[in-house]
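Asker: Quick one: the structure is below, and I'll ask about it shortly.
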Amino acid sequence: MKNKKNILFRFGHIYMFWSSGIFEIKQLKQDFDVTILVTRHFYEDKNFHNYLRLNKDVKVICAPCLKKFNIFSHFAYKRFIENLFKNFEYNFVIQNDYIEIENMYIFTISKKINQYIKRIVLAMSQSS
């Protein structure tokens, strides 16, 4: 399919990826370009790297760590998300919940930068 639309996924915890995300991506990557936004811990997982070796069409972006009580990490994360949405054009953002602070940044910044982006929250687990 030429000129596929772009999806940015954020699963939060790696178990969300392994429990259902892997199947969602399998279905969607046939019709969409899929990018996964992950943490360093998620990215360094040996099994995740094995998955990426077998799924070279799935892109991965590693986000900086957001430390709950460190305002400087919040500034860095906010800047990172702003640059992400300014430099890449996503048609959809799919997130694992609406409560995590990272998801709040993604939701509000994506809305501010691109009002036409579709923001989807998958309630795949019990809320935090």
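The values are calculated or read from the model by the stated rules, or taken from the named source; none is laboratory data. All figures in this text were calculated on a predicted structure; none of them were measured in a lab. So basically every Cβ, Gly included, is an ideal-geometry build from the backbone, and we count neighbours across all protein chains shown. To get the accessible areas, we keep the full protein, side chains included, count just its heavy atoms, and leave off ligands, DNA and RNA. Shrake-Rupley method; radii C 1.70, N 1.55, O 1.52, S 1.80 Å.
Asker: When you go through (1) among the β-branched types (Val, Ile, Thr); (2) in contact with a helix residue (DSSP H, G or I) (Cβ under 6 Å, 6 or more places away or on another chain); (3) within 14 Å of Leu122 (Cβ to Cβ); (4) modelled with pLDDT under 95 one by one for Ile99, which number turns out not to apply?
Answerer: Status for Ile99: all satisfied but (2).
Asker: OK, next. Kindly check whether there is at least one residue in region 43-62 that is within 17 Å of Lys5 (Cβ to Cβ) and charged (D, E, K, R).
Answerer: yes
Asker: Then there's this: Tally time: how many residues in region 29-50 are surrounded by 16 or more Cβ atoms within 10 Å (Cβ to Cβ), part of a helix (DSSP H, G or I) and not hydroxyl-bearing (Ser, Thr, Tyr)?
Answerer: 2
Asker: Is one or more of the residues making up region 71-90 over 12 Å from the mean Cα position of the chain (by Cα), within 24 Å of Ala123 (Cβ to Cβ), open to solvent by 40 Å² or more (accessible area, probe 1.4 Å) and without any contact (Cβ under 8 Å) to a residue 40 or more places away in the chain?
Answerer: Looking for residues that are over 12 Å from the mean Cα position of the chain (by Cα), within 24 Å of Ala123 (Cβ to Cβ), open to solvent by 40 Å² or more (accessible area, probe 1.4 Å) and without any contact (Cβ under 8 Å) to a residue 40 or more places away in the chain, one finds none in region 71-90, hence no.
Asker: Of Arg10, Arg40, which residue is more than 18 Å from Arg119 (Cβ to Cβ), in contact (Cβ under 8 Å) with a residue 12 or more places away in the chain and touching a strand residue (DSSP E or B) at 6+ places or on another chain (Cβ under 8 Å)?
Answerer: On inspection, the qualifying residue turns out to be Arg40.
Asker: Now, a different point. Among the residues of region 18-25, is any under 20 Å from Leu84 (Cβ atoms), open to solvent by less than 40 Å² (accessible area, probe 1.4 Å) and assigned to a helix (DSSP H, G or I)?
Answerer: yes
Asker: Please go through region 43-61 and pick out each residue that is touching a strand residue (DSSP E or B) at 6+ places or on another chain (Cβ under 6 Å) and hydrophobic (A, V, I, L, M, F, W, C).
Answerer: Residues satisfying the conditions are Val58, Val60, Ile61.
Asker: Does Ile7 fit the bill of being over 21 Å from Ala123 (Cα atoms), in contact with a helix residue (DSSP H, G or I) (Cβ under 9 Å, 6 or more places away or on another chain) and open to solvent by less than 80 Å² (accessible area, probe 1.4 Å)?
Answerer: So Ile7 fails the test.
Asker: Test Ile94 against the stated conditions and say whether it is surrounded by 12 or more Cβ atoms within 10 Å (Cβ to Cβ) and in a strand (DSSP E or B).
Answerer: Yes: the conditions hold for Ile94.
Asker: Would you call Ile109 without any contact (Cβ under 8 Å) to a residue 40 or more places away in the chain, outside any loop (DSSP other than H, G, I, E, B) and surrounded by 14 or more Cβ atoms within 10 Å (Cβ to Cβ)?
Answerer: yes
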